[in-house]
Structures are given as C-alpha cells and as structure tokens.
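Asks: Below: one structure in structure tokens.
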Amino acid sequence: MFLAEHGGGELLMGAVLTANSLPELPAFFFFGAIMQALGMQTLLLSAAAALGLRIWAYSLLPAVGLRYVVLLETLHAITYACGWSGCAVNSSKIAPPGLESTTQGLFQGLWTGVGCGLAGLLGGILYGSHGPIVLFRVSGLAILGCTAAAGVPMLVVHRRRKAAVARDLLPSPESLADLASLGQ
C-alpha cells in the first residue's frame with residue numbers, strides 16, 4: 001500500500017518480494033551455525049534491532065527513492081528467518097520437559113495473534129491519523145528503544161557473569177601467599 005501510494009509500480013513490488021524471500025533461504029539453512037556463532041541473546045537482539053532499523057528506514061524512502069526498499073527488504077532474512085527461528089528454538093529451550101510444543105504454540109499465538117493484531121490495529125490508527133511516515137518512524141524507534149531496554153540489562157548480566165568466571169579462575173591472594181611460602 002505504501003509503495004503504491006508513493007508511485008511504486010508492479011516491477012518494484014515484484015523485486016521487493018524477491019529481495020524479501022530469497023535471502024531467507026540461506027538464513028534458514030544456516031540458522032544453526034549462525035545461532036552457534038552469535039549466541040541466542042545476540043541473535044534475538046540483532047533480529048529485533050534489524051527490524052527496528054528496517055521499519056524506521058521505510059520513512060526515508062519517499063525522500064531518497066523508493067528503489068532502496070529492495071535493499072531494505074534483504075534485512076527480512078535477519079528479522080524473520082533468524083528472529084522467528086531463534087524464538088522457536090528459545091521457546092523449546094526454556095519450556096518445562098514435555099511442554100516444548102505447547103510453549104512454541106504459545107509463542108506463535110502471541111506473535112501471530114496478539115502481536116500482529118495489536119500492530120495492525122494501532123498501526124492502522126496511526127497510519128490513518130498521521131500517515132505512513134510517522135507510523136514507520138514511531139514504530140521503528142519504539143522497536144529500537146525496546147531492543148535497547150532489553151539489551152542493556154542482558155549486557156550487564158553477561159559482563160557480571162564473565163567477571164565472576166574470571167574471578168573464580170584467578171588464584172586468590174591467600175592461595176598465592178601459600179604458594180610463596182612453599183617455595184621458602
């Protein structure tokens with residue numbers, strides 16, 4: 001709708017769908033390796049940040065040119081393929097034994113039901129009252145803000161755990177004194 005309202009033709013819309021879906025294939029295929037390389041938290045935060053950036057950048061398209069939407073749509077591999085797969089794996093991982101499928105079903109219901117429903121309702125109201133540019137800017141910045149709000153505590157906890165592990169691996173001053181007294 002946004003592209004059509006701003007003069008985007010059928011060729012551009014076809015290119016958008018191609019750019020949207022083709023990068024998903026390798027992202028889904030290599031998801032396990034990507035997750036292992038980044039870790040679950042980094043993967044999910046990266047997917048959320050890419051989504052916020054992608055949505056915010058839509059607001060720039062009328063000024064810079066609609067053709068750049070094709071580049072933005074390649075981020076769909078990160079936002080959808082890696083984000084969805086990461087959430088599904090994480091849902092299974094955090095589930096009580098025997099309730100993995102139930103937990104994944106709850107995740108999918110929240111994402112596709114509640115999330116999409118609220119986004120469609122509130123987004124439609126914002127689109128109708130203030131237009132698509134405001135919708136994309138507000139939505140993108142809200143997603144980036146929520147990602148930062150979730151990411152900062154995760155980073156603090158990660159650094160504290162890393163420091164605790166390092167403290168546990170280093171010898172204490174008492175054990176160093178004991179070692180020094182053995183050599184005398």
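The values are calculated or read from the model by the stated rules, or taken from the named source; none is laboratory data. Since the structure is predicted, the reported quantities are computational estimates derived from the model, not experimental observations. Every residue, glycine among them, receives a Cβ derived from its backbone with ideal geometry; neighbour counts consider all protein chains shown.
Asks: Before we move on, is Ala149 farther than 30 Å from Trp56 by Cα and at pLDDT 80 or above?
Replies: For Ala149, the condition - farther than 30 Å from Trp56 by Cα and at pLDDT 80 or above - is not met.
Asks: Let me ask another. Does Arg54 count as of a type in the set (D, E, K, R), surrounded by fewer than 17 Cβ atoms within 10 Å (Cβ to Cβ) and in contact (Cβ under 8 Å) with a residue 12 or more places away in the chain?
Replies: The answer is no for Arg54.
Asks: Could you list, in sequence order, all residues of region 76-103 that are under 30 Å from Leu11 (Cα atoms) and either in contact with a Pro (Cβ under 7 Å, 6 or more places away or on another chain) or crowded, with 20+ Cβ neighbours inside 10 Å (or both)?
Replies: Selection gives His76, Ala77, Ile78, Thr79, Ala81, Cys82, Gly83.
Asks: Sort out which residues of region 1-32 are within 12 Å of Ser85 (Cα to Cα) and free of Cβ contacts under 8 Å to residues at least 12 places away in the same chain, and write them in order of number.
Replies: Those that are within 12 Å of Ser85 (Cα to Cα) and free of Cβ contacts under 8 Å to residues at least 12 places away in the same chain: Phe29, Phe30, Gly32.
Asks: From (1) within 16 Å of the chain's Cα centre (by Cα); (2) on the phi > 0 side of the Ramachandran plot, pick out the condition that doesn't hold for Gly65.
Replies: For Gly65, the exception is condition (1).
Asks: Kindly indicate the residue of region 12-42 that is of a type in the set (A, V, I, L, M, F, W, C) and within 18 Å of Tyr58 (Cα to Cα) and also nearest to the chain's Cα centre (by Cα) among those meeting that condition.
Replies: Among residues in region 12-42 that are of a type in the set (A, V, I, L, M, F, W, C) and within 18 Å of Tyr58 (Cα to Cα), the one nearest to the chain's Cα centre (by Cα) is Ala19.
Asks: When you scan region 31-54, how many residues do you find that are in contact with a His (Cβ under 8 Å, 6 or more places away or on another chain) and of a type outside the set (S, T, N, Q)?
Replies: Total satisfying the criteria: 1.
Asks: Tell me, please, whether a residue that is under 20 Å from Phe107 (Cα atoms), among the polar types (S, T, N, Q), assigned to a helix (DSSP H, G or I) and in contact (Cβ under 8 Å) with a residue 60 or more places away in the chain can be found in region 63-84.
Replies: Within region 63-84 (the criterion being under 20 Å from Phe107 (Cα atoms), among the polar types (S, T, N, Q), assigned to a helix (DSSP H, G or I) and in contact (Cβ under 8 Å) with a residue 60 or more places away in the chain), the answer is no, since none of the residues qualifies.
Asks: Take the residues of region 50-64 that are of a type outside the set (Gly, Ala, Ser) and out of contact with any helix residue (DSSP H, G or I) (no Cβ under 6 Å at 6 or more places or on another chain): which is nearest to Leu144 (Cα to Cα)?
Replies: Ranking the candidates gives Leu53 first.
Asks: Now for a separate question. Out of region 116-144, which residues are free of Cβ contacts under 8 Å to residues at least 40 places away in the same chain and under 17 Å from Ala49 (Cβ atoms)?
Replies: Val138
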